[in-house]
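Here is the structure we will look at, set down as structure tokens.
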Amino acid sequence: VAPTTPVCEVPSSAMTGTIVQMSCKETEGSPPSEYQWYKNGVALLEKTGTGSSRAANITYTMNKKSGTLVFNTVTKNDTGEYFCEASNGIGLSQKCSVQRMQV
């Protein structure tokens, strides 16, 4: 079953230095969807704990299975427009509407 449009929860504002969690979920897809977050139209990298991502100074953790995107300490650099895409390899992937977070 192809995924439906996911429901995204993105806070509209956040204080610098706080923990921010965004979530993305759709329930129709079978097999269960994987989720990819985008910021300003660019796919966010999944943090794997390898040296390359640490070198890129990634300050978030993205879980493709659960759809969560967690910032341990947000900075002004994290301000932007976020959306997520659900895909399970069947039918078209589905995106939620873009939501802006201001830090």
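Listing for the model above:
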| quantity | calculated |
| --- | --- |
| Selection status of SER66, open to solvent by less than 80 Å² (accessible area, probe 1.4 Å), modelled with pLDDT of 95 or more and touching an Asp or Glu at 6+ places or on another chain (Cβ under 6 Å) | no |
| Unique residue being in contact with a Lys or Arg (Cβ under 6 Å, 6 or more places away or on another chain), modelled with pLDDT of 95 or more and not hydroxyl-bearing (Ser, Thr, Tyr) when the list is VAL20, VAL98, VAL7 | VAL7 |
| Members of region 86-98 found to be under 16 Å from MET62 (Cβ atoms) and part of a strand (DSSP E or B), listed by number | ALA86, SER87, LYS95 |
| Check on SER52, among the polar types (S, T, N, Q) and modelled with pLDDT under 95 | yes |
| Of residues in region 23-48 being among the β-branched types (Val, Ile, Thr) and not in a strand (DSSP E or B), the one modelled with the highest pLDDT | THR27 |
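The values are calculated or read from the model by the stated rules, or taken from the named source; none is laboratory data. The shown structure was predicted, so the numbers you read here are calculated from the model rather than taken from an experiment. Cβ atoms come from the backbone with ideal geometry, glycine included; neighbour counts cover every protein chain shown. The accessibility values were calculated without ligands, DNA or RNA, using every heavy atom of the protein model including side chains. Shrake-Rupley method; radii C 1.70, N 1.55, O 1.52, S 1.80 Å.
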